[in-house]
Structures are given as structure tokens and as C-alpha cells.
Amino acid sequence: MTDALWFDPSLMLIGGTWQSASDTLPLINPSDGSPLARIARGQVGDIDAAVQAAHTARDGDWGRLTATERGRILTEIGRRVLARVDELAELEAHDVGKPLTQARADAVALARYMEFYGGAADKVMGETIPYLDGYTVYTLREPHGVTGHIVPWNYPMQIIGRSVGAALAMGNACVLKPAEEACLTALAFAHIAREAGLPDGALNVVPGLGAEAGAALAAHPGVQHISFTGSVRTGALVQQAAGANVVPVTLELGGKSPQLVFDDADLDAALPFLVNAGIQNAGQTCSASSRILVQRGAYDAARNRMADAYEALTVGPAMDDLRVGPLISIRQKQIVDGFLARGADLTIAAQGHLQNAPDTGAYVRPTLFADVPPDHMLARDEIFGPVQVLIPFETEEEAVSIANSTDYGLVASIWTANGARQMRLAKALQAGQIFINNYGAGGGVELPFGGVGKSGHGREKGFEALYGFSTLKTVAAHHG
Ligand code: NAD
């Protein structure tokens, strides 16, 4: 691992300088439980210094750049990320336990976010508004100023790409607090961004504990926007803290996303999506599809085919690059094991198999439950592990009612050849993204993403994120 670590992971980036914190925290490799590195344990004072540095950047070199110049820097970051995809993937595999192929896809997505937002930076425009006689009215899109980014451990590169990328494109200066469980690629990204010419203080990175550095960032009065991805409980705390400063927040808080499979669905096409959306990143995905609703006529076939797919799933160390790696930590494994124990009254249709998985790693066998009542805890709560429930239904109305019956609403998909049903359900399902005869659509850097209900609010990705990371000023000029 040390070979892959081409930077000192114990440092924070504040105002263009890599500096030590007063204390450090251990990073653990979830594939075998071995110590990986020590990272900075940023404190209130470090967050304060980072926010000040970001303001200095906004008032200085970074704030003075034109949108085109900002875009060029982001595009250059993207080019450099793309050139180092394999290194980044290896870091992520060790840190998150993500199988190499999946970690590599995240690194490519990070590059793609930088390309997208690099290209978009100078294409965000205001408008002119017809108004009273003798007036010219127009709007200006302006950055918030300093934005805070609190990022979880499950997709560090993708979440940094979509939030920091969009914020920088709009001209904000960022303070990034990566997760204490996994922050190597956040640090690597900051090094690459510096090499690509990002000015001092435009991006500051302060690793640390959520209750310390994270809470300090959420509550800092010098921050003008907070973007948070993680648990509902912590998201609510972040919103409260930001609310005290009347600061807007974007919250992306996970889900219990359903796929609805009707009798007329093309099961051959659906099967890889049904399974992969549940076990990708060992199910630790905000948009994981953890509920598979199947109409009676297709139920037995779907159940049998999914069970076969589960039996073929292998689980092992990230560097072995199997379909499923370990969970992020023993703590997360205990949470998921707890859910599996709550399913003792249910039927297990199939489970995947461990392969060369050390006892010291955070492994869970992917588990498919069949015939699950829609009100069962496993059909309602976010598990954040490789666990899916199969729920039979009879009618379209029943399917919609079950799909909409959780507290969440992030993603939903509809598998049917019936065009009218596709249109009806796209409207009826409560979710921020609807997929018809697919799930996830290639990652979707360009596609606005976010939830309703306890899945959060605000939209990331695509152009929509640029609106979220900016504020609108209306100028009304009276000239007679
Ligand atoms: P978390 O929400 O506590 O942590 C996410 C981020 O928030 C981390 O960077 C953390 O340091 C920070 N944080 C923690 N407490 C904070 C506070 N008081 N103020 C500000 N920031 C704070 O999530 P977790 O404990 O790592 O995971 C627990 C559960 O959350 C998981 O089992 C899963 O259900 C959910 N989760 C969801 C996502 C997602 O993508 N939506 C990601 C990670 C975890």
C-alpha cells in the first residue's frame, strides 16, 4: 500500500499549504483490518483557518478569474485525474474496500465531473426580463462565496466530483471535510488539483471526525452553503447547524429505492440491473435498489433467476476485484448483521459466497430475501449493505402504493413494455430520479440527482447543481 501512497496522508490542505494537525486518526483497510495510514484529526481551529483561507481566495486570485479560466483549470484537473485513474482506484480499493473495477469507475467519473463542470463553467447565464416601461431588468448568477462539503465514505471520488466540481465551476471557494473512514482519494484529488493550477485556498481539505471538524464546518458562520451526503440523522444535525446561520443546505441522505418489474418486462434485460443495483459497492450506495417489486406472473421466474445470480456472487478483498468487497468497517458490518438477524422470520432465496476473505475483514454475504411483506423492517429501512428484498404484487396500483410507502424517495425504476404505464408511473412514483427499463443509466454525471422525503432536498449533478451552488441577483435599471 505504501507504494500507492505518493503523498503524506496525515496533512490537511489549508490556503495552499499542506500542514499537520495537532492529532491524527487511524485509517483501516476493511479488506483485512490492517492499519493503512494516519490522517489528520482536524479541529475547530483548523476549520476556521480553512474558511478564512477560502474567503481570501474568493477575494483574491480565485475570485478574480473569469468563468472561462475557472473552466480551463477544472478541465485540466479532469485530464490529470484521467491520467491517474489506476493510482486513484488502488487508493480507493485499499481505503473503502471497493473492488478495483468499481473503484476505477469512480475515478473515471471524477474525471468526467471535472470535464463536465469545466465545460459548463462559462455557460451559466442570467436572463433579461420584460418589465415596466423605461426599465431594463436582468439577472446575474453569482457564487454563494464559501461552500462547505461534508462527504461520506461510500463514494468519495464521485461525491467530491459532483459537489466540489460544481461549486468551483461557479466560482465558490470550498472547504471539504472527507469522512474519517476513507479520505485518501480526497487528499489525492487535492494534490492533483494543485498540480493543475488551482489557486491557493480555492479548495481546502480538513479531514477529521464528524462531531469535531464536520460539526465545526456545518456551524461556521463564514460558510454560505453546505452540501452534505450521508445519514438522515447527521443530515438533520447539519441542517440545524446551518439553519442557525440561515445558510442553505443540499442534503443527499440515501434511500430505499424500488425497481418495479411487471409481467410484460424483459427479464433478460432487467436481471443484471436488478442484482447489480443492490450489490454494487456492497450495497453501500445511496441509490442502491434494495427493494425489488415483482408482479405475480413474473415473480417465480424473477426470484429463481435472481437467486441463481446471487449464488454466483463472490465476496472477497478489494484487490481481488470480485463482484463484492468488504463493507467499510466492522461497525458497518455489525449494523448489517443486525438487519440480517431481524430477517430471521423471512425466507432467504439465496446468498453469495466468501472467497479468500480474511476473518479480520468486514465481510457480509450478499443476501436475497423472498416474499417479504412490504411493512417488514427490512423492506422499509435503509440497510446499507448487500441485501435485497423481493416483494410480490398483483396490480399497478398496489405496486405504486408499496413503492411510495417508505420515508425515502431517491430513485425508482419501472420495467415494462407498456408505454402508457411507463408514463403513468413516472408521474406517480415519489423519487428524484425515475428510470424506465434501466437503472442508473451509466452513472449520469449530466442528470440532476437528489431526493424527496427523507432522501433529502436540493439537486446535484448536471446543470442543476450549478444553480444550487449559486445565487440569483435581479438588477432593475430605470433609464426612462
Ligand atoms: P454520517 O452521516 O454520520 O457521516 C457522513 C459524513 O458526515 C462524514 O464525513 C462524517 O464525518 C460527517 N459527520 C458525522 N457527524 C457529523 C456532525 N455532527 N456534523 C457534521 N458532520 C458530521 O454517516 P456514517 O455514520 O458514516 O454512516 C451511518 C449510516 O449513514 C450508514 O449506515 C448509511 O445508512 C448512511 N450513509 C448514507 C450515505 C449516503 O450516500 N446517503 C453515505 C454514508 C452513510
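Are any residues in the range 406-420 open to solvent by 40 Å² or more (accessible area, probe 1.4 Å) and either over 16 Å from Thr285 (Cα atoms) or free of Cβ contacts under 8 Å to residues at least 24 places away in the same chain (or both), and if so, which ones?
Those that are open to solvent by 40 Å² or more (accessible area, probe 1.4 Å) and either over 16 Å from Thr285 (Cα atoms) or free of Cβ contacts under 8 Å to residues at least 24 places away in the same chain (or both): Asp407, Ala417, Asn418, Ala420.
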Residue check, Ser31 against (1) assigned to a loop (DSSP other than H, G, I, E, B); (2) in contact with a strand residue (DSSP E or B) (Cβ under 9 Å, 6 or more places away or on another chain), all met but one. Which one?
-> (2)
If a residue has to be open to solvent by 50 Å² or more (accessible area, probe 1.4 Å) and under 8 Å from Gly208 (Cα atoms) to count, how many in the range 33-47 make the cut?
-> 2
Scanning the range 291-325 residue by residue, the ones that are in contact with a His (Cβ under 9 Å, 6 or more places away or on another chain), touching a residue at least 60 places away in the same chain (Cβ under 8 Å) and small (Gly, Ala, Ser) total 1
Is it the case that the range 183-193 has a residue that's closer than 30 Å to Tyr439 by Cβ and either within 13 Å of the ligand (Cβ to nearest atom) or surrounded by fewer than 24 Cβ atoms within 10 Å (Cβ to Cβ) (or both)?
-> yes
Single residue of Tyr155, Tyr113, Tyr117 found to be among the aromatic types (Phe, Trp, Tyr), within 12 Å of the ligand (Cβ to nearest atom), surrounded by 24 or more Cβ atoms within 10 Å (Cβ to Cβ) and modelled with pLDDT of 95 or more | Tyr155
Identify, please: which residue in the range 158-181 is touching a Pro at 6+ places or on another chain (Cβ under 6 Å) and closer than 12 Å to Pro207 by Cβ and is, among those, nearest to the ligand (Cβ to nearest atom)?
-> Ala179
Boolean, Leu88 is aliphatic (A, V, I, L, M), open to solvent by less than 10 Å² (accessible area, probe 1.4 Å), touching a Phe, Trp or Tyr at 6+ places or on another chain (Cβ under 7 Å) and at negative phi = no
Total residues in the range 372-388, condition closer than 26 Å to Asp264 by Cα, crowded, with 16+ Cβ neighbours inside 10 Å and more than 16 Å from the ligand (Cβ to nearest atom) = 2
Taking the options Gly63, Gly97, Gly71, Gly45, name whichever one is assigned by TED's automatic domain parsing to the domain that holds Gly161 and in contact with an Asp or Glu (Cβ under 9 Å, 6 or more places away or on another chain).
-> Gly71
All positions within the range 326-340 that are surrounded by fewer than 19 Cβ atoms within 10 Å (Cβ to Cβ) and charged (D, E, K, R) = Arg331, Asp337
Subset of the range 130-152 (residues that are within 12 Å of the ligand (Cβ to nearest atom), in a loop (DSSP other than H, G, I, E, B) and of a type in the set (A, V, I, L, M, F, W, C)) = Val151
When you go through (1) under 28 Å from Gly60 (Cβ atoms); (2) out of contact with any Leu (no Cβ under 8 Å at 6 or more places or on another chain); (3) open to solvent by less than 10 Å² (accessible area, probe 1.4 Å) one by one for His149, which number turns out not to apply?
-> (2)
Meets criteria (open to solvent by 10 Å² or more (accessible area, probe 1.4 Å) and within 15 Å of the ligand (Cβ to nearest atom)) for Gly197 = no
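The values are calculated or read from the model by the stated rules, or taken from the named source; none is laboratory data. Predicted model, so just to flag it, every value in this text is computed and none were measured. Cβ coordinates were reconstructed from backbone atoms using ideal geometry, including for glycine residues, and neighbour counts include every protein chain displayed. We work out accessible area using only protein heavy atoms, side chains counted, and drop any ligands, DNA or RNA first. Shrake-Rupley method; radii C 1.70, N 1.55, O 1.52, S 1.80 Å.
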